[in-house]
Amino acid sequence: MSITGVGARTDPWTRAWHDIGHRVAGLLENPQPVPVDLLPLAVASNAATIRSLVTVHRDLTRRETANRPTGDAKATGAGTASSERITVELLETNPVRALGIALDRHPATPGVALSDVLTTNPPPGPARLWHDLARAAVVAADVWRNADPASRPHRDQAWSLMADVAAIGQGLAHLDDDIARAATRMPHAVQVQLGTTPGVLSDRYAAAATAGLRAAGERTRHLAAQGPLPDVAPLRQPFTRPAAVRLPAHVPYAQAATVELLDRATGPVSPRDLTYLTRAQARLAEHAVRLTDDPVLAHAARQHTAQLHAVTARQLQTVEPASDQRALHQAQALLTYLAGMDTAHPDSGRVAAAIARSQPDVVDALHRAARHQLAAGTWLVPNPNERATSSIWVRQAPQSEWQPDLVHRLVEARTTAHTLAQAGGPNPFPDTDAAVAVATAWQGLPPRLAVNPPPFRPTTARPTAPSRATNRAHDVER
């Protein structure tokens, strides 16, 4: 099958999830993915993949690990057993939560370890695919645990990874049907190896196939592709330092860091530095013009660039000589990275779109910062009652309707920023390669694997976005 975008992205977790999606897609395309003699390998690989999905889903949504219920450990599932039911209402209003519940309840491997079933040279066909899936799941889990925090997903990229989890989970739910059918013909030797009976194993996986994982996966995947969404959860603490920019996917992440560093400035930001920041965004828009082949986006970026270049620090002085320059350092890291990106780069168009889509948030942050500095009295304006040739600088009166030219220009830049964001189109990273691979395989599924979730009416309700924190932040590479 053809996998869209292979080689175009280099994030370590993207490569790992692509490998999982490719193997799941290969199994979905196989007319007999679970021969009876491969049952131990299939259930072990299936469970290893589910465990990886549970871990990533929990990290993205900050679900705490609940206590496992007492009783037979074989029935506890790969994740945390939950008493919450997957209802049509939950699927409609919060499919991400429903997906987590379905993953938590999925059956664990009954009495078999990967080391007992993996071999060094599996034969081609389903055996090779199940072996490769197990190894890919283990590698993906390891990459996820050890990945550089700067490469982990944030906002659109977090939703992209959640789409991967949903797509792979939906594919595994289809394979549960095959495991359940193969279990009914399980010979005695396999029963001894798995430590269960044909009826128990078949019922367990048949229930998993119809427990809501398919429907929750489909709804989550569609939700993630509907455009801008609330953050699934940034895998970090609030930004305190500029984020490193090493990969194309870091560009929107660094723009989000710019916004937060402005909003969380630990000291005053001088009018001069805010002007420099605005000019830096103008240079980013110029890079978008250079990197895109979309004439509409290029035209909108040129207009936005002209508007940003008109922002000056006239009519402003400051009483504080120091200035918090972390946002400036973040902008410099972005510009340094983009200066080395050639127009022939496979992700140049995506980067241009990411720059375009980030502009409304950044311009709003610049405007908020200017208003905050004026309200705090760290910026001074000309005395409106002074008619002398040399200005006398005073704090702006709270009730004053007059605003400096810099503030007016930023208000006008909001309009061009939103126009540019619209020209950027949908999320440039709507699905990573794993989701594309599995979705492509579904298009040719035989009738036995047809997707039959309950019908849903369109909705704009989105799940809430709890947060997840890590304890590391990185300086800009110099």
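Any read-out appearing in this document is the output of simple, stated calculations on the displayed coordinates, not a laboratory observation. This one's a predicted model, so the numbers in the text were calculated from it and none came from an experiment. Cβ: placed from backbone, ideal geometry, glycine included. Neighbour counts: every protein chain shown.
Data for the structure
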{"item": "Förster radius 45 Å - calculated FRET efficiency between D263 and A207 (Cβ-Cβ, nearest 0.05)", "result": "0.40"}
{"item": "For T318, distant residues with modelled amide H under 5 Å away", "result": "L380"}
{"item": "Ranked Y276, Y337, criterion: other C-beta atoms within 10 Å, fewest first", "result": "Y276, Y337"}
{"item": "Per-residue Cβ neighbour rank within 10 angstrom, fewest leading, L39, L172", "result": "L39, L172"}
{"item": "Long-range amide H partners of V394 with built H, under 5 Å", "result": "V381, N383"}
{"item": "Percent breakdown of C-alpha pair distances by 5 Å bin, ordered from the shortest bin, for the stretch 250-423", "result": "1, 9, 18, 20, 18, 13, 9, 6, 4, 2, 1, 0"}
{"item": "Ranked E29, E260, E218, criterion: other C-beta atoms within 10 Å, fewest first", "result": "E29, E260, E218"}
{"item": "Size of charge dipole - the stretch 250-423 - debye, nearest 20, with Cβ of Lys, Arg +1 and Asp, Glu -1, no other charges", "result": "260"}
{"item": "Placed amide H near S270: partners under 5 Å, 5+ positions off or other chain", "result": "D324"}
